[in-house]
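Quick notes on the structure that follows.
The values are calculated or read from the model by the stated rules, or taken from the named source; none is laboratory data. All values reported here derive from a predicted model rather than from experimental measurement. For neighbour counting, all protein chains shown are included, and Cβ atoms are generated from backbone atoms with ideal geometry for every residue, glycine included.
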Ligand SMILES: [Zn+2]
């Protein structure tokens, strides 16, 4: 009897010690961080220099490390051939330089002011980075997603911009505008557009603006007017956005520092 008790006690002690050791190990050894690398590419020297100079992505990396406790590293590689995408096998977010150029070109068709093109492209890049971060966090934290993951991570990108960035609403509006421009360029819809894992560009445009409106209906009343949102639609956007923030806070749990 006594012997059994001793075994049980020492067993428990071992469990307790292993929990502490596990916590220490994960805190000291396994904690990850976001890091960024700009690949050299002689075809995109201007884009590379511009991105490094404006530091929009570097600032975002600092923001990610400040906001999240990551279990593994997330490497952001700018200047890949493919993307934007998240590669789970490498824990890597990949963004090609040509994606940046395409955004500038698309916006250049409607606004020839270079500084405005740059602001627009930087905002859209940031939204894209946070979208891919959503895939990375979903993968690393085993976050359950019911429905389209692409829509879910668009929502996270909007929440991060709207909740944490002073100019977040403007940034999200630029990201929405890029969806609209991409939609215009696509032309006729085909079956492939309907079975794509992403919602249609036009839907991504309206969802993003619905989140912007929902984040502060008084401030964005004019936006609601511009978009022709009905009273019902306005109410739904407000409810959707409030729930989106609270759902992401729940899903991210302890990985969210504040
Ligand atoms: Zn995606």
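Scanning segment 84-104 for residues that are under 19 Å from residue 45 (Cβ atoms) and part of a loop (DSSP other than H, G, I, E, B) returns a single hit, 96.
Counting residues in segment 51-62 that are in contact with a strand residue (DSSP E or B) (Cβ under 8 Å, 6 or more places away or on another chain) and farther than 21 Å from residue 90 by Cα gives one or more.
For segment 199-207, the condition holds for no residue, the condition being that it is closer than 20 Å to residue 60 by Cα and modelled with pLDDT of 95 or more. Among the criteria (1) in a helix (DSSP H, G or I); (2) more than 16 Å from the ligand (Cβ to nearest atom), the one residue 142 does not fulfil is (1).
Of all the numbered requirements in (1) under 22 Å from residue 156 (Cβ atoms); (2) out of contact with any strand residue (DSSP E or B) (no Cβ under 6 Å at 6 or more places or on another chain); (3) at pLDDT 95 or above, residue 36 misses one, and that requirement is (2). Pairing each residue of segment 131-153 that is more than 24 Å from residue 171 (Cβ to Cβ) and touching a residue at least 40 places away in the same chain (Cβ under 8 Å) with any residue that is assigned to a helix (DSSP H, G or I) and more than 12 Å from the ligand (Cβ to nearest atom), provided the two are 6+ apart or on different chains, yields C-beta distances under 9 Å for 140/255; 141/251; 141/252; 141/253; 141/255; 144/251.
Only residues that are out of contact with any helix residue (DSSP H, G or I) (no Cβ under 9 Å at 6 or more places or on another chain) and in contact (Cβ under 8 Å) with a residue 12 or more places away in the chain were counted across segment 33-60, and they come to 1. For segment 166-188, which positions are more than 15 Å from the ligand (Cβ to nearest atom), closer than 22 Å to residue 111 by Cβ and either under 16 Å from the mean Cα position of the chain (by Cα) or at pLDDT 95 or above (or both)? 167, 168, 169, 170, 171, 172, 173, 174, 176, 177 - these are the residues of segment 166-188 that are more than 15 Å from the ligand (Cβ to nearest atom), closer than 22 Å to residue 111 by Cβ and either under 16 Å from the mean Cα position of the chain (by Cα) or at pLDDT 95 or above (or both). Looking only at segment 81-116, which residues are touching a residue at least 40 places away in the same chain (Cβ under 8 Å) and buried (at least 21 other Cβ atoms within 10 Å of the Cβ)? Correct list: 86, 93, 97, 100, 103, 107. The single condition among (1) within 12 Å of the ligand (Cβ to nearest atom); (2) assigned to a helix (DSSP H, G or I); (3) more than 14 Å from the chain's Cα centre (by Cα) that residue 120 does not satisfy is (1). Among the residues of segment 145-165, those that are more than 15 Å from the ligand (Cβ to nearest atom) and surrounded by fewer than 15 Cβ atoms within 10 Å (Cβ to Cβ) comprise 146, 163, 164.
Looking only at segment 193-216, which residues are in contact (Cβ under 8 Å) with a residue 12 or more places away in the chain and either in contact with a strand residue (DSSP E or B) (Cβ under 8 Å, 6 or more places away or on another chain) or not in a helix (DSSP H, G or I) (or both)? Once the filter is applied, which keeps residues that are in contact (Cβ under 8 Å) with a residue 12 or more places away in the chain and either in contact with a strand residue (DSSP E or B) (Cβ under 8 Å, 6 or more places away or on another chain) or not in a helix (DSSP H, G or I) (or both), segment 193-216 yields 197, 198, 199, 200, 216.
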